[in-house]
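Colleague: Please read through the structure below; I'll follow up with questions.
The values are calculated or read from the model by the stated rules, or taken from the named source; none is laboratory data. Predicted model only: the values in this text are computed from it and were never measured. Quick reminder, even Gly has a Cβ in these numbers, built from the backbone with ideal geometry, and neighbours come from all protein chains shown. Side chains are part of the model used for accessible areas, which takes the heavy atoms of the whole protein and leaves out ligands, DNA and RNA. Shrake-Rupley method; radii C 1.70, N 1.55, O 1.52, S 1.80 Å.
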Amino acid sequence: MTVGNATPAVSSLRRQLRAGLFTLAGLQALVSAWQYFLPRSFYDNFPTVRLDPPYNEHLVTDVGGLGLALTAVLLIAAITRDDNVALAALTGYLVYAATHFTFHVTHFDNFSVLEALGVGTGLGIEVVLAILLLWVTWRLRRSET
């Protein structure tokens, strides 16, 4: 990755990628830390979780731990500004976000319309942001070859 001699357009893309990686890491860290450190509170208070099957502390803390691992990789990508690390982090995040989105939009049976719109929109934004950041990473990699 070349940072010093980059064109203004490449520098702008790099700033956008870094900001997006920090945004995803921050959002992931917030929810994952809540799941990991306060699993019962997460289950009882996070919107729409009460609509899922009964509480299971092991499951919620495992998911929180995995989310914290994903947060670490996103942060490493943002801090190092390495396109290969960003590509790996964003690909992993997209797989997670897309499968999470798919599960929820196919299980709206107990949701109100407002809850379904909120969950579908919020999770959909994560998928779109990951795709956009992958596109930015791809453009940066092409500009440096």
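Colleague: Take the Cα of Gln16, step 7 Å along the line toward its Cβ, and report every residue of the range 60-85 whose backbone nitrogen sits under 19 Å from that point.
Modeller: Of the residues in the range 60-85, 78-79, 81-84 have backbone N under 19 Å from the label point off Gln16.
Colleague: In the range 66-145, how does Rg compare with the Kirkwood Rh, expressed as the Rg/Rh ratio over alpha carbon atoms?
Modeller: In the range 66-145, Rg relative to Rh is 1.09.
Colleague: Another question about this same structure. Residue by residue, what Karplus-based ³J(HN,Hα) values in Hz, rounded to whole numbers, does the range 82-90 have, using 6.51, -1.76 and 1.60 with θ = phi - 60° and x for Gly and Pro?
Modeller: Per residue, the Karplus-derived 3J(HN,Hα) values read 8, 4, 5, 5, 4, 4, 5, 5, 6 Hz.
Colleague: Using the Karplus curve 6.51 cos²θ - 1.76 cosθ + 1.60 with θ = phi - 60°, work out ³J(HN,Hα) for each residue of the range 62-69 in order, rounded to whole Hz, and write x for Gly and Pro.
Modeller: 4, 5, x, x, 5, x, 5, 5
Colleague: Can you pull a Stokes-Einstein diffusion coefficient for the chain at 37 °C (0.692 mPa s), Rh from Kirkwood over Cα pairs, as a whole number of µm²/s?
Modeller: Details: Rh = 16.3 Å.
Translational diffusion coefficient: 201 µm²/s.
Colleague: By how many nm would the segment from Thr80 to Val113 lengthen if fully extended, with 0.36 nm per residue of separation less the alpha-carbon distance?
Modeller: The Thr80-Val113 span can extend by a further 7.7 nm.
Colleague: Could you run the Karplus curve 6.51 cos²θ - 1.76 cosθ + 1.60 with θ = phi - 60° over the range 49-60 and give me ³J(HN,Hα) per residue in whole Hz, x for Gly and Pro?
Modeller: 5, 4, 7, 8, x, x, 4, 9, 4, 4, 4, 5
Colleague: Would you compute, for the Cα atoms of the range 1-56, the largest minus smallest coordinate along each principal axis and list the three values in descending order, in whole Å?
Modeller: 55, 19, 14
Colleague: Calculate, for the range 49-145, the solvent-accessible area per residue in square angstrom, rolling a 1.4 angstrom probe over the heavy atoms of the protein chains.
Modeller: Normalised by residue count, the accessible surface of the range 49-145 is 59 Å².
Colleague: Mean residue ellipticity at 222 nm from the helices of the chain, using -39,500 (n - 2.57) per DSSP H segment of n ≥ 4 over the full residue count, to the nearest 500 deg cm²/dmol?
Modeller: That calculation yields -28000 deg cm²/dmol at 222 nm.
Colleague: Relative contact order for the chain: what is it in percent, counting Cα pairs under 8 Å that are at least 6 residues apart?
Modeller: Value for the chain: 31 percent.
Colleague: Take the solvent-accessible surface of the protein heavy atoms, probe 1.4 Å, and return the percent of it on the range 14-71 that carbon and sulfur atoms account for.
Modeller: 66
Colleague: Leaving ligands and nucleic acids out of the surface, order Thr137, Thr7 by accessible area at 1.4 Å, largest first. Don't jump to the answer; show the numbers that get you there.
Modeller: Details: Thr137 0, Thr7 75 Å².
Listed by decreasing accessible area, they come as Thr7, Thr137.
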